[in-house]
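Since the structure comes first, as structure tokens, the remarks are kept for the end.
The values are calculated or read from the model by the stated rules, or taken from the named source; none is laboratory data. Just so you know, these numbers come straight off a predicted model, no measurement behind them. All Cβ positions, even for glycine, are placed from backbone atoms using ideal geometry, and neighbour counts span all protein chains on display.
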Amino acid sequence: MSRIAVIGAGPCGLAQLHAFEQARQDGIDVGEVVCFEKQSDWGGLWNYTWRTGVDAHGDPVHGSMYRYLWSNGPKECLEFSDYTFDEHFGGPIPSFPPREVLFDYIAGRAKKSNVRQFIRFDTAVREVTFDDAAQTFTLTVESWEAAESWEGTETTLSTEVFDHVIVATGHFSTPNVPEYPGFATFPGRILHSHDFRDAVEFAGKNLLILGSSYSAEDIALQSRKYGAASVTICYRNAPMGFGWPDGISEVPALSHVEGRTAHFCDGTSRDVDAIILCTGYQHNFPFLDPELRLVTPNNLYPGGLYKGVVWTANPKLLYLGMQDQFYTFNMFDAQAFVARDVVLGRLALPDADAMAADVDAWLAKYAAVDSVEGQIDFQTDYVRDLMALTDYPDFDLDLVRQHFVTWEHDKDESITGYRDKSFASPCTGTVGPTPHTTWWDELDDSLARFLRRG
Ligand code: FAD
Ligand code: NAP
């Protein structure tokens, strides 16, 4: 019997288990699927933790999400086409839900497809090697009893052999941490966005934020929303240029820090109490043999992956969700269906040259992208390409593409108001109702509060 290892039970790993389960229900022999998850529960980044630094077992904490995180894109753009928001919540809900609501939705589909039985929780994959002669992978895994602290916890190391390995460990957990002159003697807190948990900590403080992408934008906004005295965002290349609310401003790149004073490349300076490095993440797979490791910056088309999924150097190894993401859950589904069909031999792979040529064609197309709208179109085309390969149920991709473009314009119009807009589902047509409280005024991010009608 074929043995398939899935590493990680976040949205990608769960999409993969769901895809196999769909095939099993259609009477197809999928072999034995084992999912290893180092945390005690599923959901990946959506499984919120207060912890920073190391987890109970001394491993780097996986979680990068924070309290008060609301979806930054319309939920209609990520909807599972075979498990709609209407089905899960029993009726329409607004378009920009907080984290707990999306976690509930992800878990809802996983429960419906009954995939928990395939997951070994509290089990970290420590090493993956490939045996050329046997054409199999050997995984070394470490497991332990679920525990709140390492003290007294017994761990077990074991090895197992698999025919295929699917890596679904995410790529927004290992921070990219730059060094600037003066950091070592800065008298306040310096942290990466990976370790940011509760904006209330910074109430009354003057904050400096480095970076000009989603984390910088969102952490700046919510820090101010929850009471920061001021937020200064410094950009390396170009400002985000949104119409920021009072108290948030953008300045050119940091040059150095002297005591509490941050000096910028345009010669200006500001006194700050804390520095948050919203400087992105690294793809990091310490458990994979170096020859199996994907090495890439965060972009929309990592090289070396046929259809963005199959490791061309060894097609028995597959990766999910390694792209930068406009599309998320539905793209992960489309990828997982492709990965499943490759593994089951239902989707024949072309020879190595043809796979490389396909990757090169996508890379050339990506190199020609020169606008945000172009990026949206690029990822839409990529998802369309994936969907043509399997029986993942159709949804209105053109509508999702249009939603992303509208969303970008909404952000330009009002960075504090875009989350109050409504979008139509690409699966059911249902339009999200207007939220009962505007996002900027809403301080309670609980599921109960969000779902309260009126
Ligand atoms: P993850 O969610 O990271 O899950 C990976 C899983 O693998 C984890 O459970 C981890 O414990 C496990 N794992 C890792 N290593 C091992 C190992 N060696 N052995 C066993 N298990 C292992 N997307 C949206 O659609 N909307 C949003 O609003 C949004 N907000 C975001 C906010 C932040 C701050 C970040 C960082 C990302 C956000 N994202 C958002 C994007 C996010 O990447 C995806 O939504 C999604 O979580 C990716 O799923 P994944 O399964 O690829 O990875
Ligand atoms: P990112 O998109 O990869 O952006 C990294 C940023 O760091 C870039 O602006 C980059 O600058 C900057 N940077 C890198 N090195 C730097 C340095 N040495 N000095 C100064 N700046 C530096 O990472 P991210 O913003 O953390 O986003 C990661 C993911 O999290 C995204 O998928 C996003 O959607 C998600 N997210 C979602 C939410 C939400 O839903 N509410 C909130 C936060 C994050 P350049 O642009 O100059 O290269």
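Please verify whether segment 320-339 includes one or more residues that are charged (D, E, K, R), modelled with pLDDT of 95 or more and surrounded by fewer than 19 Cβ atoms within 10 Å (Cβ to Cβ). Before you say what the answer is, go through the steps one by one.
Step one: of segment 320-339, the residues charged (D, E, K, R) are 324, 333.
Among the residues that remain, those that are also modelled with pLDDT of 95 or more are: 324, 333.
Okay, now just the ones that are also surrounded by fewer than 19 Cβ atoms within 10 Å (Cβ to Cβ), so 324.
Yes, that holds for at least one residue.
Filtering segment 50-71 to residues that are crowded, with 17+ Cβ neighbours inside 10 Å and β-branched (Val, Ile, Thr) leaves only Val61. Residues in segment 262-280 that are out of contact with any strand residue (DSSP E or B) (no Cβ under 6 Å at 6 or more places or on another chain) and within 16 Å of ligand 1 (Cβ to nearest atom): Gly280 alone. Gly170 - would you say it is in contact (Cβ under 8 Å) with a residue 60 or more places away in the chain and more than 25 Å from the chain's Cα centre (by Cα)? Considered against the rule, which asks whether it is in contact (Cβ under 8 Å) with a residue 60 or more places away in the chain and more than 25 Å from the chain's Cα centre (by Cα), Gly170 comes out as no.
Look through segment 94-114, keep the residues that are within 15 Å of ligand 2 (Cβ to nearest atom) and in a helix (DSSP H, G or I), and return whichever of them is surrounded by the fewest Cβ atoms within 10 Å (Cβ to Cβ). The qualifying residue surrounded by the fewest Cβ atoms within 10 Å (Cβ to Cβ) is Glu100.
Would you say Pro286 is closer than 30 Å to Ile248 by Cβ, free of Cβ contacts under 8 Å to residues at least 24 places away in the same chain and of a type outside the set (Val, Ile, Thr)?
Numbers: closer than 30 Å to Ile248 by Cβ: no; free of Cβ contacts under 8 Å to residues at least 24 places away in the same chain: yes; of a type outside the set (Val, Ile, Thr): yes.
Taking the combined requirement at face value, the residue does not satisfy it.
Looking at Gly8, is it modelled with pLDDT of 95 or more and within 22 Å of the chain's Cα centre (by Cα)? Answer is yes for this residue. Restricting attention to segment 17-60, the residues that are more than 16 Å from ligand 2 (Cβ to nearest atom) and either outside the structural domain of Ile106 (by TED's automatic domain parsing) or assigned to a helix (DSSP H, G or I) (or both) total 9. Restricting Gly63, Gly91, Gly73 to residues that are in a loop (DSSP other than H, G, I, E, B), within 15 Å of ligand 1 (Cβ to nearest atom), over 20 Å from Trp439 (Cα atoms) and in contact with a Ser or Thr (Cβ under 9 Å, 6 or more places away or on another chain) narrows the list to Gly63.
Look through Val54, Val115 and report the one residue that is within 30 Å of Tyr226 (Cα to Cα) and more than 12 Å from ligand 1 (Cβ to nearest atom). The unique qualifying residue is Val54.
So if I check each of Gln375, Gln379, which one is within 30 Å of Ala23 (Cα to Cα) and not aliphatic (A, V, I, L, M)?
On the way: Gln375 fails: within 30 Å of Ala23 (Cα to Cα).
After applying the criteria, what remains is Gln379.
Taking segment 224-271 only, how many residues are within 15 Å of ligand 2 (Cβ to nearest atom), within 27 Å of Ser414 (Cα to Cα), part of a loop (DSSP other than H, G, I, E, B) and not aromatic (Phe, Trp, Tyr)? Number satisfying all stated conditions: 8.
Could you identify the single residue in Phe326, Phe332 that is in contact with a Gly (Cβ under 6 Å, 6 or more places away or on another chain) and in the same structural domain as Val34 (by TED's automatic domain parsing)? Please lay out each step first, then the result.
On the way: Phe326 fails: in contact with a Gly (Cβ under 6 Å, 6 or more places away or on another chain).
Result of the check over Phe326, Phe332: Phe332.
Total residues in segment 62-93 satisfying the condition of being under 18 Å from Phe332 (Cα atoms), more than 12 Å from ligand 2 (Cβ to nearest atom) and not small (Gly, Ala, Ser): the figure is 7.
If you check Tyr319 against the conditions, is it within 13 Å of ligand 1 (Cβ to nearest atom), out of contact with any Ser or Thr (no Cβ under 6 Å at 6 or more places or on another chain) and more than 19 Å from Leu208 (Cα to Cα)?
Values: within 13 Å of ligand 1 (Cβ to nearest atom): yes; out of contact with any Ser or Thr (no Cβ under 6 Å at 6 or more places or on another chain): yes; more than 19 Å from Leu208 (Cα to Cα): yes.
Yes.
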